[in-house]
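One structure is given below, encoded as structure tokens.
The values are calculated or read from the model by the stated rules, or taken from the named source; none is laboratory data. Remember, it's a predicted structure, so these values are computed and weren't measured experimentally. FYI the Cβ positions are ideal-geometry reconstructions off the backbone, even for glycines, and counts take in every protein chain you see. Ligands, DNA and RNA are stripped out before the accessible areas are found, and what is left, the full protein with its side chains, is counted by its heavy atoms. Shrake-Rupley method; radii C 1.70, N 1.55, O 1.52, S 1.80 Å.
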Amino acid sequence: MTQAVREAQRSEPVVRSRSRLGRLRSLYARRAPGEPRAVGYLYILPALAVFSLFILVPFFQSIWYSLFNWDGLTPATWVGLDNYTALFTDPSLRGPFVHALILLLFYALLPIVIGLLIAATLSRMRIRGMTFFRTVLFLPQVLAMVVVALAWRWIFAPDGLFNAGLSAVGLGGITRPWLGDFTFALPAVGIVGTWVEFGLCMVLFLAGCQRIPRELYEAARLDGAGAVREFFAVTLPELRPQIAVAATLTIVAGLRNFDLIYVTTGGGPGDATSVPAYEVYHRAFEVGQVGGAAAIGIALAILIFVVTVVVSRLIEGRR
């Protein structure tokens with residue numbers, strides 16, 4: 001009995017060392033292979049430094065500027081949250097945000113609907129030259145927005161292609177300077193946004209349709225589903241991730257719209273097409289209200305974040 005106890009006492013340090021070695025092995029097994037995890041943060045440090053220098057620092061600096069009444073040259077005056085309060089009380093500041101929300105119908109809703117219809121149609125039939133048509137419809141995304149704005153400004157001019165087409169089909173009575181009309185200037189700009197964005201949505205949805213299992217369509221057809229029911233029962237639910245991505249991209253493009261407005265209408269006529277991004281430029285560099293411009297920029301950033309998060313969660317069905 002004494003000999004057995006002695007042997008157990010001798011083997012106890014060995015067992016402990018083995019168990020400790022096993023814990024260390026399991027710990028390192030859970031880690032990614034390669035160098036220690038702390039070294040990984042060194043790889044992202046350059047990107048983090050650039051992001052902080054060009055994004056975070058200007059963002060927080062803009063928040064600081066928004067608390068002052070400042071023209072960019074003379075000493076600033078502290079006003080606290082007055083610049084943010086003016087966003088709700090000043091009609092000239094509320095209007096650009098209302099215009100931006102209206103443009104979302106043209107920049108997000110219409111492109112998504114048109115892209116879904118085209119993708120659903122093309123996925124059901126084989127068309128020769130599909131790559132060519134897809135490239136042509138996606139082409140507006142490749143063009144610089146300044147080029148697009150110049151082209152459409154010529155199209156919507158009083159003597160432009162659009163009015164010429166209306167006159168050619170006998171509708172010359174409704175011709176007008178579309179970008180100079182208080183009623184139709186904003187929808188005209190919105191049509192340009194629809195033309196630019198629907199190609200992106202179409203390409204995203206076509207890629208999503210190619211990943212839908214054919215068995216789902218066959219099962220729907222066995223149940224007697226037609227084209228419309230098949231679209232709502234199979235295609236639309238399976239494209240929810242792509243729709244969320246398209247909605248996010250188009251909403252961001254619509255809310256930060258500046259170059260199209262600047263080139264085509266300059267916010268006019270009056271302030272009929274003014275949007276927050278253009279208002280930031282106008283107040284900071286033309287009127288000399290840097291504090292108010294910074295407040296508009298911060299409010300726009302918050303609006304983009306809130307709208308995109310809410311829309312993506314609603315579309316993807318997350319809680």
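The table for this structure:
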quantity	calculated
Scan of segment 198-211 for residues that are touching a helix residue (DSSP H, G or I) at 6+ places or on another chain (Cβ under 6 Å) and open to solvent by 10 Å² or more (accessible area, probe 1.4 Å), ordered by number	Phe198, Leu200, Val203, Leu204, Leu206
All positions within segment 48-73 that are outside any helix (DSSP H, G or I), at pLDDT 90 or above and open to solvent by 50 Å² or more (accessible area, probe 1.4 Å)	Asn69, Trp70
Tally, over segment 75-110, of residues that are farther than 19 Å from Gly288 by Cα and not in a helix (DSSP H, G or I)	0
Qualifying residue in segment 120-128 (condition: within 21 Å of the chain's Cα centre (by Cα) and in a helix (DSSP H, G or I))	no
Residue that is out of contact with any helix residue (DSSP H, G or I) (no Cβ under 6 Å at 6 or more places or on another chain) and at pLDDT 85 or above, where the choices are Gly270, Gly292, Gly297, Gly226	Gly270
Boolean, Ile243 is surrounded by 20 or more Cβ atoms within 10 Å (Cβ to Cβ) and either part of a helix (DSSP H, G or I) or at pLDDT 90 or above (or both)	yes
Identity of the residue in segment 267-282, in a helix (DSSP H, G or I) and open to solvent by 30 Å² or more (accessible area, probe 1.4 Å), that ends up farthest from Arg256 (Cα to Cα)	His282
Count of residues meeting criterion [part of a helix (DSSP H, G or I), within 28 Å of Ala149 (Cβ to Cβ) and among the hydrophobic types (A, V, I, L, M, F, W, C)] in segment 173-227	19
Residue check, Thr135 polar (S, T, N, Q), within 19 Å of Ala277 (Cα to Cα) and part of a helix (DSSP H, G or I)	no
Residue selected from segment 133-180 under the condition farther than 16 Å from Tyr262 by Cα and touching a residue at least 60 places away in the same chain (Cβ under 8 Å), by the criterion surrounded by the fewest Cβ atoms within 10 Å (Cβ to Cβ)	Leu139
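One line per residue, one yes/no per condition, for (1) surrounded by 21 or more Cβ atoms within 10 Å (Cβ to Cβ); (2) without any contact (Cβ under 8 Å) to a residue 24 or more places away in the chain; (3) not in a helix (DSSP H, G or I):
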position: Arg229; (1), (2), (3): no, yes, no
position: Pro237; (1), (2), (3): no, yes, no
position: Leu260; (1), (2), (3): yes, no, no
position: Gly291; (1), (2), (3): yes, no, no
position: Leu303; (1), (2), (3): no, no, no
position: Val306; (1), (2), (3): no, yes, no
